[in-house]
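A short worksheet on the structure shown next.
The values are calculated or read from the model by the stated rules, or taken from the named source; none is laboratory data. Note that this is a predicted model, so its numbers are computed, not measured. Cβ atoms come from the backbone with ideal geometry, glycine included; neighbour counts cover every protein chain shown.
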């Protein structure tokens, strides 16, 4: 029963057997690349996970490039030249994406600095020295306490 | 302390900034799903495809180097948005004399032919890309998509949607400048 369940809930995986390369090393590289290339019609799915026609064509193109002897970097270049940076699930680090990459750490830094300043300021305020009770106050306190 | 009072305005200021961004997104027509084009400004890819018409030679990259701007349109008979742009393509051919190369994408040639016979054929030359191999070279994401190749074989426009009146005037402006 569990096995059946596991079989039926297998994660979406769209690479069809007829697409696969016979060379296991090349096929493994194709999978690695296919996991990081974004399908251009399905917003946020890797081409390996998408059964869109275009995703199928892109997987085939990746394999064709690998069989032709391209390095992984050359395959990525091939795809970026045609579909732009959009096709990379992990955006590249460059001028246009600086805010994307550094925005998070920057906010953390600013918030940390603000907290630090606030903590310093709080510590700098001296606790006012308390004056001893006057004779009148002492008498009222005693009355309240029933002494 | 006034600085602490100002701090209370921070959530409100955040709200204003966010509302401003959302408002701008709604009103400016920004499309977060648009994937843009990496092809514009680059030399057109190879254009090799079997001819859709009997007795005509296969499509050849030389078609894009005729010294005149050429429109390349990927279409399919099964594609509904293609129907929307079809009259504009016919107009471009008949009224403006623009050379249009059509490529039927993932479309059986006989079905593409039948559809063109019914709707009118706006193409100077037509081919078909049954398995979508040519399309990946063109950075195609689906149909319809249209590219304007200038007289020097450089991609000048790439529309990932059916062309409408706005796209039409962009095409015409460049065709007139380039011929």
**OP:** Within region B:155-178, count every residue that is crowded, with 18+ Cβ neighbours inside 10 Å and either away from chain A (no Cβ under 14 Å) or over 27 Å from residue A:38 (Cβ atoms) (or both).
**Re:** 7
**OP:** Among the numbered conditions (1) more than 30 Å from residue B:116 (Cα to Cα); (2) within 14 Å of chain A (Cβ to nearest Cβ), tell me where residue B:30 comes up short.
**Re:** (2)
Original post:
Regarding residue B:122, is this residue within 14 Å of chain A (Cβ to nearest Cβ), in contact with a strand residue (DSSP E or B) (Cβ under 8 Å, 6 or more places away or on another chain) and either surrounded by 15 or more Cβ atoms within 10 Å (Cβ to Cβ) or at pLDDT 95 or above (or both)?
Top reply: no
Original post:
If we scan region B:17-24, do we find a residue that is within 12 Å of chain A (Cβ to nearest Cβ) and either over 17 Å from the mean Cα position of the chain (by Cα) or closer than 21 Å to residue B:76 by Cβ (or both)?
Top reply: no
Original post:
Of all residues in region B:95-105, which are surrounded by fewer than 20 Cβ atoms within 10 Å (Cβ to Cβ) and either within 14 Å of chain A (Cβ to nearest Cβ) or free of Cβ contacts under 8 Å to residues at least 24 places away in the same chain (or both)?
Top reply: B:95, B:97
Original post:
What helices (runs of 4 or more DSSP H), lying completely within region A:32-124, carry at least 1 residues that are without any contact (Cβ under 8 Å) to a residue 60 or more places away in the chain and not assigned by TED's automatic domain parsing to the domain that holds residue A:21?
Top reply: A:98-124
**OP:** Filter region A:17-31 down to residues that are loosely packed, with under 13 Cβ neighbours inside 10 Å and at pLDDT 90 or above and give me whichever is nearest to residue A:55 (Cα to Cα).
**Re:** A:28
**OP:** Being assigned to a helix (DSSP H, G or I) and closer than 20 Å to residue B:135 by Cβ is the filter; apply it to region A:13-31 and report the residue that is farthest from the other protein chains (Cβ to nearest Cβ).
**Re:** A:30
Subject >> Search result, residues across region B:139-154 that are touching a helix residue (DSSP H, G or I) at 6+ places or on another chain (Cβ under 7 Å) and either more than 7 Å from every other protein chain (Cβ to nearest Cβ) or more than 24 Å from residue B:110 (Cβ to Cβ) (or both) >> reply: B:139, B:141, B:143, B:144, B:148, B:149, B:150, B:151, B:153
**OP:** May I ask you to verify whether residue B:86 is touching a helix residue (DSSP H, G or I) at 6+ places or on another chain (Cβ under 7 Å) and closer than 30 Å to residue A:51 by Cβ?
**Re:** yes
